[in-house]
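Engineer: Below: one structure in structure tokens.
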Amino acid sequence: MTFPLSGLVEAARAAPIVPVLVVDELRHAAPLARALREGGLTIAEVTLRTPAGVAVIEAMKAAEPDLLVGAGTVLTGADVERSLAAGADFLVSPGMSPGLLAALGDNRRLMIPGVATASEAMSRHEEGFDLLKLFPASIAGGVPALKALAAPLPHLKFMPTGGIGANDAGSYLALPNVVAVGGSWIATGEDVAHMNWADISRKSREALAAALV
Ligand code: 3PG
């Protein structure tokens, strides 16, 4: 199978930080998208954990068409359908289940599934996934785990997410098998609720500066 998600991998070359967003209010979507672009980011993941999540994806895409906006916390076939109907560029899940795999069908090429072990990574590869989310990254072994996985599984690439922050994003990104890192520290729920747009842009710029050294 050819490498999927090539647009995301390309965008991550310029800006390998993926803010994981939990947005309660639809009115925050457009200014949030602008703040992330202002900070130099090219990719965002909007979790489906709030009722507004799907509409937020659509509104962020409308506000900043150049921003790749994915849906996170995609757990079911219904989540896949409503994410893609909203224009999601990619899908992220904390893991994989037989039901979700069956529901994905051809949309498998848009999914970054979560894995925490070598066996899970091998299973996802057999199913056609080549870009995997190490999750929860800090608990699943972090940087040492990714280094260890690279030796037997050099064909797999990762987007570690979960427990990563400003202080250690750079050490993940220094690894050759890491395409991007995800995390909520760039735009926390509190940042968004308080409309701290300038802070979100600043944290985005700082993360990129640290990532691209
Ligand atoms: C999540 O599930 O919310 C993401 O993995 C982000 O995790 P973080 O809040 O630890 O960055």
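Engineer: Against the definition (within 15 Å of the ligand (Cβ to nearest atom) and within 13 Å of the chain's Cα centre (by Cα)), how does I186 come out, yes or no?
Structural biologist: Yes: the conditions hold for I186.
Engineer: Answer yes or no: is there a residue in the range 173-181 that is closer than 21 Å to L26 by Cα, among the small types (G, A, S), in contact (Cβ under 8 Å) with a residue 24 or more places away in the chain and out of contact with any Asp or Glu (no Cβ under 6 Å at 6 or more places or on another chain).
Structural biologist: No, the range 173-181 has no match at all.
Engineer: Restricting to the range 173-183, name every residue that is touching a helix residue (DSSP H, G or I) at 6+ places or on another chain (Cβ under 8 Å) and within 12 Å of the ligand (Cβ to nearest atom).
Structural biologist: Residues satisfying the conditions are V181, G183.
Engineer: Related question: Take the residues in the range 121-140 that are surrounded by 15 or more Cβ atoms within 10 Å (Cβ to Cβ) and within 15 Å of the ligand (Cβ to nearest atom); name whichever of them is nearest to the chain's Cα centre (by Cα).
Structural biologist: So the residue we want is K133.
Engineer: If I ask for residues that are within 15 Å of the ligand (Cβ to nearest atom) and farther than 15 Å from V18 by Cβ, which ones from the range 57-77 would you list?
Structural biologist: Scanning the range 57-77 gives a single hit, L75.
Engineer: Considering only residues that are surrounded by fewer than 18 Cβ atoms within 10 Å (Cβ to Cβ), in contact (Cβ under 8 Å) with a residue 60 or more places away in the chain and within 16 Å of the ligand (Cβ to nearest atom), which ones fall in the range 1-53?
Structural biologist: Correct list: D24 only.
Engineer: Still on this structure: Go through the range 125-182 and give me each residue that's under 17 Å from P113 (Cα atoms) and polar (S, T, N, Q).
Structural biologist: Scanning the range 125-182 gives S138, T161, N177.
Engineer: Give the range 78-112 a look and list any residue that's surrounded by fewer than 20 Cβ atoms within 10 Å (Cβ to Cβ), within 16 Å of the ligand (Cβ to nearest atom) and among the small types (G, A, S), or say none.
Structural biologist: The answer is G95, and nothing else.
Engineer: Within the range 154-169, how many residues are more than 15 Å from the ligand (Cβ to nearest atom) and surrounded by 15 or more Cβ atoms within 10 Å (Cβ to Cβ)?
Structural biologist: Of the residues in that region, 2 qualify.
Engineer: From L21, L91, L8, grab the single residue that is under 15 Å from the mean Cα position of the chain (by Cα) and modelled with pLDDT under 95.
Structural biologist: Only one candidate passes the filter, namely L8.
The values are calculated or read from the model by the stated rules, or taken from the named source; none is laboratory data. Quick caveat, the model's predicted, so the values are computed rather than measured. Every residue, glycine among them, receives a Cβ derived from its backbone with ideal geometry; neighbour counts consider all protein chains shown.
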